[in-house]
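Working notes, beginning with the structure itself.
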Amino acid sequence: MKKISLSQIISFLFLIVMALIWLVPLIYGVLTSFKSEMELMTAGFKILPIEWVLTNYQELLVNNTSTPLVKWFFNSLFISVSHTLLVLVVVSLSAFAYSRLEFKGKKKLFSFLLATMMFPSVVNLIPLYKIVDILGWVNTPLAMIIPGAAGVFNIFLVKQFMDNIPKDFDEAAQIDGANDLTIFFKIILPLIKPVLLVVALFAFTSSWNDFLWPSIVFNDIEKMPITSGLQLLQGMYQSQPTLLMAGALIAIIPTFILYLFAQKYFLQSMSLSAGVKG
């Protein structure tokens, strides 16, 4: 029988504590969304509802016209999926250029891009809003789909993955008459699918959970994504926590399902050399 060290026990206990810190509020929030407002105010602190009700979800999804949660949900879904697809196209092609192509000033340009990561994104809000306003994208999905498509971190991540792919593949393809685009689509793209999955997860969750930027560029209630919509919901139902909890739980459904089904691939892809054999 393998002996368990003290450090392993401490690590295990630490992970259990961290899991409980994350899970207990989530479980309490889920159960609270199935309580009536009267029960929450009069029954005191109880984990399980005395009577399970669906009125909170019915009011948000069916009987509410001033806060169209379903509309916000599908707005966010369209924006996040479109943004993710654009990110995959831009990032994969950019990383290919920096990893496999040779052009003047490549290293200096890439170093400059990496240097921009030192600046917090909040400093770009005013100039970015000015650009979006000039282009007429305020209150449109384009204001969230296009900005951020060329994320430097994602380009760096994919480039590092590509650097581990032997260039012998490229040279063999060039001997057979393949051009750069053929090499990218036929050889490189199939090999970088694991890291592209990670980038897609990051891009989707970042777009879905973004709160500050949509709160700035959207003021039309019908066109809002769900994050800025929840802010409006909080203003209207700040004295009804059961409704707010139901709305928040509806908002996390897509990202929860995404990570639930993609967890195995996500963990496998965290190694930059996964799936690449020299």
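The values are calculated or read from the model by the stated rules, or taken from the named source; none is laboratory data. As the structure is a computational prediction, the values presented were derived from the model and not from experiment. No Cβ is skipped: glycine too gets one built from the backbone with ideal geometry, and neighbour counts run over all protein chains shown.
Some values worked out for this structure:
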read-out: Single match in ASP220, ASP210 (criterion: over 30 Å from PHE169 (Cα atoms) and modelled with pLDDT of 90 or more); value: ASP210
read-out: Residues (over 13 Å from ASN154 (Cβ atoms) and touching a residue at least 40 places away in the same chain (Cβ under 8 Å)) located in region 97-109; value: SER99, ARG100, LEU101
read-out: The lone exception for LEU69 - which of (1) buried (at least 17 other Cβ atoms within 10 Å of the Cβ); (2) over 21 Å from ILE221 (Cα atoms) it fails; value: (2)
read-out: Leading residue by the ranking (modelled with the lowest pLDDT) among those in region 239-278 that are among the polar types (S, T, N, Q) and not in a helix (DSSP H, G or I); value: SER273
read-out: Pick from region 116-131, criterion more than 12 Å from ILE216 (Cβ to Cβ) and at pLDDT below 90, ranking: surrounded by the fewest Cβ atoms within 10 Å (Cβ to Cβ); value: MET118
read-out: Test: LEU93 is surrounded by fewer than 17 Cβ atoms within 10 Å (Cβ to Cβ) and under 17 Å from PHE184 (Cβ atoms); value: yes
read-out: Matching helices (runs of 4 or more DSSP H) fully within region 153-209 where at least 2 residues are under 17 Å from THR84 (Cα atoms); value: 193-209
read-out: Odd one out for ILE134 among (1) modelled with pLDDT under 90; (2) more than 21 Å from THR84 (Cβ to Cβ); value: (1)
read-out: Test: PHE112 is exposed (fewer than 15 other Cβ atoms within 10 Å of the Cβ), part of a helix (DSSP H, G or I) and in contact with a helix residue (DSSP H, G or I) (Cβ under 8 Å, 6 or more places away or on another chain); value: no
read-out: Residue match in region 149-158 (condition: among the β-branched types (Val, Ile, Thr) and surrounded by fewer than 19 Cβ atoms within 10 Å (Cβ to Cβ)); value: yes
read-out: Some residue of region 29-44 being modelled with pLDDT of 85 or more, of a type in the set (A, V, I, L, M, F, W, C) and in a helix (DSSP H, G or I); value: yes
read-out: Any hit, region 53-72, residues being over 30 Å from PRO141 (Cα atoms) and not hydroxyl-bearing (Ser, Thr, Tyr); value: yes
read-out: Region 31-57, subset within 13 Å of LEU249 (Cβ to Cβ) and free of Cβ contacts under 8 Å to residues at least 24 places away in the same chain, residue surrounded by the fewest Cβ atoms within 10 Å (Cβ to Cβ); value: LEU54
